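The values are calculated or read from the model by the stated rules, or taken from the named source; none is laboratory data. Everything numeric here is computed off the predicted structure, so don't read it as measured data. Backbone-built Cβ (ideal geometry, glycine too); neighbour counts: all protein chains shown.
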Amino acid sequence: MGGTTKASAGVRLGGRSARVREAVLRAALELLEESEVSDLTVERLAGRAGVNKTTIYRRWRDLDGLIGDVLLQLGIQRVPIPDTGDFDRDLAELAESLREAITGQAGGKVMTALAVAATRSERAAEVLRGFLRERFKKAEIIVTRAVERGELPKNIDGIAVIETLGAPFYLRLLVTADPIDVTFSQRAAAAAAAAARAGVFRDGAPLVALS
């Protein structure tokens, strides 16, 4: 998962280790697409990937950590950051990519499983937090470009804009289980865009006082 560029003495980057990791992650995705997370076991993974159980345990201390790596893999593959030259279209396309990722056969299962695991495993919680922070940070460029084009006010909190877009998706996925359809994703994008244009996320923006 990291950005290691140098191999320490006696450690070879890539090669068999990389192939084994890829085989296990691919096997986990296939099994999640075919069945429920509760059916995922080290034994089934080892059989599908063609490796020994001890090989899996050496690389991942538990299934929670492995599921975290699957989530990172899904995020890299399935949620591209759009650059259409238009803020509203960028948000709409990002929302649609997010919808497709978390409503896919494996995407929602992996996210839900890791959220549940995070309640009992600090490692799983760390993976989940890191994943969300990384995705929100990457998507922030959408806001930065919009500011540079003059579509949004300056001094805007780009992360807050992306969080506002993403939060409704995770609420439905992890809490309410309501449908996440195209209409929903476009409404979420439109709401985040309208709030951004209104200056809600601008540093020092006045907020409504509660009395």
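With (1) at pLDDT 80 or above; (2) not in a helix (DSSP H, G or I) as the list, and ARG120 as the residue in question, which single condition is left unmet?
So ARG120 meets the others, but not (1).
Residues ARG145, ARG135, ARG129, ARG149: which one is under 20 Å from ASP83 (Cβ atoms) and within 16 Å of the chain's Cα centre (by Cα)?
ARG135 is the lone residue from the list that is under 20 Å from ASP83 (Cβ atoms) and within 16 Å of the chain's Cα centre (by Cα).
For the stretch 185-197, indicate whether the set of residues that are part of a helix (DSSP H, G or I) and either of a type in the set (D, E, K, R) or at pLDDT below 95 (or both) is non-empty.
yes
Which residues, taken from the stretch 20-40, are within 15 Å of ASP62 (Cα to Cα), surrounded by fewer than 12 Cβ atoms within 10 Å (Cβ to Cβ) and charged (D, E, K, R)?
The answer is ASP39, and nothing else.
Working carefully through the options GLU43, GLU96, GLU22, find the one that is modelled with pLDDT of 80 or more and within 17 Å of the chain's Cα centre (by Cα).
GLU96
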